[in-house]
Amino acid sequence: MRVPMIAGNWKMNTTVGEAIELVNKMRQGLDQIDNVEKVLCPPFISLAAVKELIEGSSIKLGAQNIYFEEKGAYTGEISPLMLADLCEFVIIGHSERRQYFNETGEMIDKKVKAALKVGLKPILCIGERLEENEAGRTEEVLTKQLSSSSDRIYYFSGLILAYEPIWAIGTGRAATGEQANETIGFIRQYISKRYGKRVAQDVCILYGGSVTADNISEFINQPEIDGALVGGASLKADQFLRIVKQTSEIKGHLSEEG
Ligand code: PGA
């Protein structure tokens, strides 16, 4: 049975001091909410401080990126081994990385493999651009993103997927619950055809893109959607708490029964 998940992607926001302040505001409230995996993804430089603050709680930690080499002369990069000590999850292939830092399918594939190798759980982001969506090419684009490597079978037992239509990220223009459910259903079907029903049924798939405390229920009420990757609203303690709380109320019983 899939456990619902809400992950907060803080992106390039918060100084270390601000990160500490934000965690202090929501730690207790978050810890009390059961049956939802709660993941905070602050910037690299705040990982250690946040790790200390959430020690002993049910809150999990994630990074926002990774490099695929273990170590060496890669100035400015952070390796999987360095992260494995600090956190459990890592966001890979976010559309902002694909768009602004020219990350290709091949690089993302290497990053996923490198993360899995050291026991980090990737949150692999996929999604289509507005023009692709409008041209009816969503399924084609997602298929390409999902199949950019041939030996991905082991991936899908170890990772979390996040479907994030690029036109919905940071725009305030979220997909509808039905749209997101249909597309995530398509992703699950693709995985099922390629890797079998069991793998497809077990993989946790999140929706991401302008999720707020006011629209989360629309997504969480859908059968294919297991949770959300939340950007802007994860920087506001009260919003994030309300998002996690509603997820627990709506979907939490599923993990309890499982
Ligand atoms: P948003 O970002 O919630 O601010 O739209 C989501 C994401 O990029 O993961």
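The residues listed here are Glu182, Glu164, Glu178; of these, the one that is among the acidic types (Asp, Glu) and surrounded by 21 or more Cβ atoms within 10 Å (Cβ to Cβ) is Glu164. Scanning the range 72-111 for residues that are of a type in the set (D, E, K, R), in a loop (DSSP other than H, G, I, E, B) and within 16 Å of the ligand (Cβ to nearest atom) gives a single hit, Glu103. Looking only at the range 66-85, decide whether some residue is surrounded by 20 or more Cβ atoms within 10 Å (Cβ to Cβ) and in contact with a Phe, Trp or Tyr (Cβ under 9 Å, 6 or more places away or on another chain). Looking through the range 66-85, at least one residue is surrounded by 20 or more Cβ atoms within 10 Å (Cβ to Cβ) and in contact with a Phe, Trp or Tyr (Cβ under 9 Å, 6 or more places away or on another chain). Entry remark, the range 109-138: residues being of a type in the set (D, E, K, R), buried (at least 16 other Cβ atoms within 10 Å of the Cβ) and more than 22 Å from Leu83 (Cα to Cα) number 3 in total. Within the range 149-158, does at least one residue satisfy the condition of being closer than 14 Å to Ile205 by Cβ, in a loop (DSSP other than H, G, I, E, B) and more than 16 Å from the chain's Cα centre (by Cα)? Scanning the range 149-158, I find no residue that is closer than 14 Å to Ile205 by Cβ, in a loop (DSSP other than H, G, I, E, B) and more than 16 Å from the chain's Cα centre (by Cα), so the answer is no.
Being more than 16 Å from the ligand (Cβ to nearest atom), in a loop (DSSP other than H, G, I, E, B) and either touching a residue at least 12 places away in the same chain (Cβ under 8 Å) or small (Gly, Ala, Ser) (or both): is that true of Glu128 here? Give the steps one after another, and end with the answer.
Working: more than 16 Å from the ligand (Cβ to nearest atom): no; in a loop (DSSP other than H, G, I, E, B): yes; either touching a residue at least 12 places away in the same chain (Cβ under 8 Å) or small (Gly, Ala, Ser) (or both): yes.
No, not satisfied.
With respect to being surrounded by fewer than 22 Cβ atoms within 10 Å (Cβ to Cβ), modelled with pLDDT of 95 or more and not acidic (Asp, Glu), Ala228 falls outside the description. Looking across the range 153-190, the residues that are over 22 Å from Asn215 (Cβ atoms) and among the hydroxyl-bearing types (Ser, Thr, Tyr) come down to Tyr154, Tyr155, Ser157, Tyr190.
Matching residues to (1) away from the ligand (no atom under 15 Å from the Cβ); (2) over 25 Å from Leu130 (Cβ atoms); (3) in contact (Cβ under 8 Å) with a residue 24 or more places away in the chain; (4) of a type in the set (A, V, I, L, M, F, W, C):
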| position | (1), (2), (3), (4) |
| --- | --- |
| Trp167 | no, no, yes, yes |
| Tyr190 | yes, no, yes, no |
| Val199 | yes, yes, yes, yes |
| Glu218 | no, no, yes, no |
| Gly232 | no, no, yes, no |
| Lys245 | yes, yes, yes, no |
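Okay, residues lined up against (1) within 18 Å of Phe101 (Cβ to Cβ); (2) of a type in the set (Val, Ile, Thr); (3) within 16 Å of the ligand (Cβ to nearest atom); (4) without any contact (Cβ under 8 Å) to a residue 24 or more places away in the chain:
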site: Ala7; (1), (2), (3), (4): no, no, yes, no
site: Glu18; (1), (2), (3), (4): no, no, no, yes
site: Glu21; (1), (2), (3), (4): no, no, no, yes
site: Asp31; (1), (2), (3), (4): no, no, no, no
site: Glu52; (1), (2), (3), (4): no, no, no, yes
site: Lys60; (1), (2), (3), (4): no, no, no, no
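Checking each residue in the range 92-108 for being over 21 Å from Tyr190 (Cβ atoms) and either buried (at least 19 other Cβ atoms within 10 Å of the Cβ) or of a type in the set (D, E, K, R) (or both) picks out Glu96, Arg97, Glu103.
The values are calculated or read from the model by the stated rules, or taken from the named source; none is laboratory data. Note that this is a predicted model, so its numbers are computed, not measured. Because the Cβ atoms are built from the backbone with ideal geometry, glycine has one as well, and the counts that use them run over all protein chains shown.
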